[in-house]
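The values are calculated or read from the model by the stated rules, or taken from the named source; none is laboratory data. Just so we're clear, the structure is a prediction, and the values are computed from it rather than from any experiment. Here the Cβ positions follow ideal geometry from the backbone for every residue, glycine too, while neighbour counts run over all protein chains shown.
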Amino acid sequence: MSMSTQTHVISQAATSLSSSSIMAGKGVESWSRLLLLWLYRIARGLLVISASLDRDKLQLKSPKRGSRNRCLNILWRCLVVLTYVGVWPMLTSTMVGKRMESYADVFALAQSMSLFIFAIISFVIQTRSENEFREVLNRYLSLYQRICRTTRLQHLFPTKFVVSFLLKLFFTLCGCCHELIPLFENTYFDDIGQKVAVAFSTYMWLGTLCVLDACFLGFLVSGILYEYMATNIIAMLKRMEPMDSQDEAYRMSKYRRMRLLCDFADELDECAAIYSELYQVTNSFRRILQWQILFYVYLNFINICLMLYQYILHMLNDDEVALVSIVMAFVKLANLVLLIMCADYTVRQSEMPKKLPLDIVCSDMDERWDKSVETFLCQLQTQRLEIKVLGFFHLNNEFILLILSAIISYLFILLQFGITGGFAASEEVKNRFD
């Protein structure tokens, strides 16, 4: 590969990354840290995280074993789960109706029941894996500081982080309002027991949504850190261009060139160590929250199905279009698409160094540099990032098409079921459930 071709490849990679506005200003960084700090405080209030933050060391401190606060947290979470189990019929009545009249109602009830079971499993697993989750967060915080030192940057959160965070927060709040507002009807506040039940169920559901949003946020942070590391390697290659030039090589002494190449080899070794740690922490994050990620996908998919069911039911029975159901179906679909695209973005950024001419630049000039490049490229081949949930599916952009095809198929089944009288009231179903 000629020198002009090398320069073109490196410049093209640098342009593609710089066009994504990777460099963040002080204002964007302050906004990002403020959003993350408030998310941490909300997570502590919802008992998603019980560890305190040491701002000096930028690490989460674990509570002492056997401490009074830890025991109270466990008892509180058990009480929340038990209360949520008790108010489940009241929660499902807002989605599928208070009375079963057709086989379509029974199917919608089964869908809602599966969400309830998943919510309990997700809450229990999150509670049991809290220590591991805290360790992963600490590793992310350590990586943040390490990448800042390596890239010599003070700001690692670009504008895309703030925009993505706020967009995801908007969709979460829209879905939260639609799901929780019906609980605050006057019919649910006849006595103190119902008030307490609604408060506990709301508290648990908000904690569940906080954990599910953490799945999106973790992949987003991993993708951004991968992108910064790729940009750092591109900048290093551009600094090495004069050494690979024949004109500059004659002006530079052999000792000077060898010394610079050893420095660049050390820098590449440090990048390789960071890539290895980032790969491991991303995989640990996926492993710890894989049930929550599965619940995230299942929750939004089933909610889309329930929204379509309500839309078809209103359209056939009342001769009116339930626009709220259609809007909420799009909100849930946007939630799902954001997670999948964010996971796909992380995988693509992790593979960016493979497209760079590391094995061409300054090749055969120094054995130390060639060995570092070979080790780094072999590491990228063995540590190939794949975000796969419980061995069922890969979170990539192709999975969005699979979700869309499943939703369209479900919509056609609903239409056919409704046209053939499947939504009509059945005395058999009424009698069985009465």
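Any idea which residue in region 232-256 is modelled with the lowest pLDDT, counting only those that are small (G, A, S) and part of a helix (DSSP H, G or I)?
So, considering only residues that are small (G, A, S) and part of a helix (DSSP H, G or I), the one modelled with the lowest pLDDT is A249.
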- Message: Just to be sure before I move on: is M229 modelled with pLDDT under 80, under 30 Å from L260 (Cα atoms) and surrounded by 16 or more Cβ atoms within 10 Å (Cβ to Cβ) in the structure I sent?
- Response: no
- Specify which of the listed residues (L206, L217, L261) is over 30 Å from S372 (Cβ atoms), modelled with pLDDT under 85 and not small (G, A, S). L206
- Scan (1) surrounded by fewer than 14 Cβ atoms within 10 Å (Cβ to Cβ); (2) part of a helix (DSSP H, G or I); (3) modelled with pLDDT of 75 or more; (4) of a type outside the set (S, T, N, Q) for the single condition R432 breaks and write down its number. (3)
- Query: How many residues does region 307-330 contain that are of a type in the set (A, V, I, L, M), part of a helix (DSSP H, G or I) and modelled with pLDDT under 80?
  - Reply: 6
